[in-house]
Amino acid sequence: MTPMKARLAAGETLFGTFLTLGSPFAAESLGLLGWDWLLVDLEHGGGDESQLVGQLMGCSSAGVHALVRVESDVRGRTARALDLGVEGVMCPQVNSVEQAEAWASVLHYGPPGTRGIAFFHRGARYGTDPQPIETARERVCGIAQIESPEAVEAVEEIAAIDGIDVLFVGPSDLSYSMGIFRQFDDPQFRDAIARVNEAARAAGKATGLFVTSPDQVPAALADGFRMIALGSEAGLMMTAARAAVAQAKGAVRPEA
């Protein structure tokens, strides 16, 4: 399968959803439905790192790109996820150039990265990959979340960092930190979105966005986003279940 990093660099638009329930069965079953990527959420999800590898295997079985959002930019969290075989890592709250450079260096072996040299793990096919350093360089996708005014102010420099492939906007977090929570039509928020997308284009990188409804996808595409997250498996389940319950109960006719 062509790496997600290469697909984004070639201009493809890729759709995915967040995995928040810690279930490998959810990962595998969702992966069979046509998503391009699935992301295990360790920042806000209900699962933890011990449940990561099962979900990655579910993604692999279904043939979708397997990503993870780590809890923070702490080196060990990203390094551990890479050793377990994730294809891409999303880091929340990347707010400065210095922070972005330090985190991006952990994604790749040197030079220029600082990832530790150890190859007997799932990420290097248990030592059977003949060129693990080159494979990682071509495969690993770094996704930095832009969620604050400070990040927006530094976004041009963040976009230029080698190892960061996607600038991913969390709209609720960004608007909250700007003091305009979920006022997505506010001119300040729209200017921030435009600046992020322009910085990515200038650096030859992609941008991503979290949306909660398919109705929001056309606007996201018009803005230039190409890595689009449509809610989470829990949210999708709740939406479908709510509609099914309402439809079922609506079919019951009251007794005369």
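The values are calculated or read from the model by the stated rules, or taken from the named source; none is laboratory data. Small disclaimer: the values here were computed from a predicted structure and weren't measured. Backbone-built Cβ (ideal geometry, glycine too); neighbour counts: all protein chains shown. Just the protein is used for accessible areas: all its heavy atoms, side chains included, with ligands, DNA and RNA removed. Shrake-Rupley method; radii C 1.70, N 1.55, O 1.52, S 1.80 Å.
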inquiry  = Just to check, using Stokes-Einstein with a Kirkwood Rh over alpha carbon pairs, what's the diffusion coefficient of the range 49-150 at 4 °C and 1.567 mPa s in µm²/s?
reply    = 93
ask   = For the range 97-187, which trypsin sites (Lys or Arg not before Pro) are in a loop by DSSP, counting at most 12 other Cβ atoms within 10 Å?
value = ARG182
task = Express the accessible area of the chain per residue in Å², computed with a 1.4 Å probe while the remaining protein chains stay in the model.
result = 48
ask   = What is the Cα centroid distance between the range 1-77 and the range 170-205, reported in whole angstrom?
value = 24
key: GNM result for the chain, Cα springs below 10 Å: residue of PHE120, PHE189, PHE15 fluctuating most strongly   = PHE120
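Using 0.36 nm per residue of separation minus the Cα-Cα distance, give me the extension gain between ARG190 and ARG137 in nm, one decimal.
Working: separation 53, 0.36 × 53 = 19.08 nm, distance 3.38 nm.
That pair, ARG190 and ARG137, stretches by 15.7 nm at full extension.
Calculate what fraction, in whole %, of the accessible area of the range 115-256 sits on carbon and sulfur atoms when a 1.4 Å probe is rolled over the protein chains. Display every interim value, and only then the final one.
On the way: 4450 of 7860 Å².
Its accessible area is 57 percent carbon and sulfur atoms.
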message = When only alpha-carbon atoms are used, what values of Rg and Dmax, in angstrom, describe the chain?
response = 19.0, 78
